[in-house]
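Peer 1: First, the structure itself, so that you have it in front of you.
None of the figures in this text is laboratory data; all of them are computed from the coordinates on show. The shown structure was predicted, so the numbers you read here are calculated from the model rather than taken from an experiment. For neighbour counting, all protein chains shown are included, and Cβ atoms are generated from backbone atoms with ideal geometry for every residue, glycine included.
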Amino acid sequence: MNILLVEDNPINQLLTQRLIEKRGDTLVVAKSGREALAILENRQFDLILMDIQMPEMSGIEVTAAIREKEEGTGRHIPIIATTASAIKGDKDRWLEAGMDAYLAKPIDKDTLFETMDMLNCSSQALKNGVPTARPINRVFDMAMALESLDGDFDLLREIIGISLAQFSKHMQNIQDGISKEDSKLLERAAHALKGAAANLLASGVMQAASQLEEMGRTGSLTGSKEALRSLEEEMEKLQLSLGKFEKEFAQPR
Ligand code: MN
C-alpha cells in the first residue's frame with residue numbers, strides 16, 4: 001500500500017514510519033498541509049494519515065481541499081484522522097469534513113493496522129475509528145511506551161533522546177510566548193510539547209501543556225504564569241524520570 005502521512009511533529013513522523021515499514025507498506029511524509037496538497041498533485045496514494053492539529057492549515061482544511069478536488073471524479077481516498085486530543089463531538093466534525101476514521105495518538109499499532117485493513121477492503125467509508133485507552137496521571141510509563149512500540153527498545157531510546165532535546169526548545173518558546181504575550185507562539189510551542197509528551201505517555205506534561213495551548217488558542221493569557229509553573233513542575237518530574245532511564249539503559253551493551 002502507498003500511504004501519505006501528513007504530520008508536523010517529527011517524533012510522530014518517525015514513529016509512524018517505523019510502524020508502516022514493519023508492515024512492508026511504503027510511506028511518504030508531508031510536513032504540512034500545503035506540502036501534502038502539492039505532493040497529491042503528482043502522486044496517487046491508497047491511504048492518507050492526517051494530523052488534525054497543524055499550524056497554518058489544519059487537517060480538517062486539508063481534507064476539505066482534497067475532497068473538493070475529488071468531486072465529480074468518482075475517487076475517494078481513505079483518510080484517517082490522527083489526534084492527541086479527541087473530545088466529544090470532534091469525531092462527528094471530522095467525519096463531516098470528509099474523514100473516514102480516526103485514531104488517538106500515540107497510535108496503537110494493532111488499531112492502526114486493523115483500521116487500515118478495514119478501509120482497504122471495504123469501498124464504503126468506515127465510520128468508527130477506535131480511540132486507544134491511555135493511562136492517566138503518570139510521569140512516564142516505560143512499560144506502556146515500550147508496548148506501544150512493539151517492544152522496540154532501540155526506538156524508545158531514540159525517541160527519548162529526541163524528546164529531551166526538543167523539550168528545552170519548546171519550553172523556551174512557551175516562556176517567550178507568555179512573556180511577550182505572543183499567543184500564537186504559545187499555542188504552537190505548547191502543542192508541539194504536548195505531542196512530544198504524548199509519545200512517552202507522559203500525561204502530566206500533556207495535561208499541563210494542553211492547558212497552555214488552549215490559552216494560546218483563545219488568546220486569553222490570564223493565569224498563564226500559574227499554568228506555566230505547573231507545567232515546569234511536571235516537566236521536572238518527567239526529565240528526572242527520563243534521565244534515570246537514560247542512565248540505566250542508554251549505554252550500548
Ligand atoms: Mn500536530
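Peer 1: So what's the net charge close to Thr82: Lys and Arg +1, Asp and Glu -1, counting the other residues with Cβ under 10 Å from its Cβ?
Peer 2: Local charge sum for Thr82: -1.
Peer 1: Under 1.5 on a/c is rounded, so check that first for segment 2-127, then, if it is not, pick prolate when a/b is larger than b/c and oblate when it is not; a ≥ b ≥ c are the square roots of the alpha carbon gyration tensor eigenvalues.
Peer 2: rounded
Peer 1: Per residue of segment 94-111, what does 6.51 cos²θ - 1.76 cosθ + 1.60 with θ = phi - 60° give for ³J(HN,Hα)? Whole Hz please, x for Gly and Pro, Karplus curve as stated.
Peer 2: 5, 5, 4, 6, x, 7, 9, 6, 9, 10, 7, 9, x, 5, 7, 4, 5, 5
Peer 1: Could you work out how far helix 224-249 tilts from the main Cα principal axis of the chain, as a 0 to 90 degree angle to the nearest 10?
Peer 2: Relative to the chain, helix 224-249 is tipped by roughly 90 degrees.
Peer 1: Please report the spacing between the Cα centers of segment 29-61 and segment 185-229 in Å, no decimals.
Peer 2: For segment 29-61 versus segment 185-229, the Cα centre distance is 24 Å.
Peer 1: Another one. I'd like the orientation of helix 33-42 relative to the chain: the angle between its Cα long axis and the longest Cα principal axis, in ° from 0 to 90, rounded to 10.
Peer 2: 30 degrees
Peer 1: Which shape class applies to the chain: rounded if a/c is under 1.5, otherwise prolate when a/b exceeds b/c and oblate if not, where a ≥ b ≥ c are the square roots of the Cα gyration tensor eigenvalues?
Peer 2: Oblate, because a/c is 1.5 or more while a/b does not exceed b/c.
Peer 1: While we're on this one: How high is the relative contact order of the chain? Use alpha-carbon pairs under 8 Å, at least six apart in sequence, and give a whole percent.
Peer 2: Worked out over the chain, it gives 14 percent.
Peer 1: Still on this structure, I have one more. In nm, to one decimal, how far is the Arg43 label point from the Thr26 one, both placed 7 Å along Cα→Cβ?
Peer 2: It works out to 0.8 nm between the two label points.
Peer 1: Sorted by average packing, counted as other Cβ atoms within 10 angstrom per residue and highest first, what order do 154-161, 6-13 take?
Peer 2: The most tightly packed comes first, giving 6-13, 154-161.
Peer 1: Taking only Cα atoms, what is the 0 to 90° angle, nearest 10, from helix 153-179's long axis to the longest principal axis of the chain?
Peer 2: In the chain, helix 153-179 runs at an angle near 70 degrees to the longest axis.
Peer 1: Using the Cα gyration tensor of segment 142-248, with a ≥ b ≥ c the square roots of its eigenvalues, what is the shape: rounded (a/c below 1.5), prolate (a/b larger than b/c) or oblate (neither)?
Peer 2: Prolate, since a/c reaches 1.5 and a/b exceeds b/c.
Peer 1: Remind me, relative contact order of segment 2-127 in percent, using alpha carbon pairs under 8 angstrom and six or more residues apart?
Peer 2: Over segment 2-127, the number comes to 22 percent.
Peer 1: Which whole-number percent gives the relative contact order of segment 1-50, counting Cα pairs below 8 Å spaced six or more residues apart?
Peer 2: Rounded, it is 58 percent for segment 1-50.
Peer 1: To continue, here is another question. Set the bar at 18 Å for Cα to Cα. Now go through Lys169/Lys247; Lys105/Lys225; Lys91/Lys184; Lys194/Lys237; Lys31/Lys180; Lys105/Lys194 and name every pair that lies beyond it.
Peer 2: Lys169/Lys247; Lys105/Lys225; Lys91/Lys184; Lys31/Lys180
Peer 1: Separate question: How far apart, in nm, are two points set 7 Å out from the Cα along the Cα-to-Cβ line at Glu214 and at Ser58?
Peer 2: 1.5 nm
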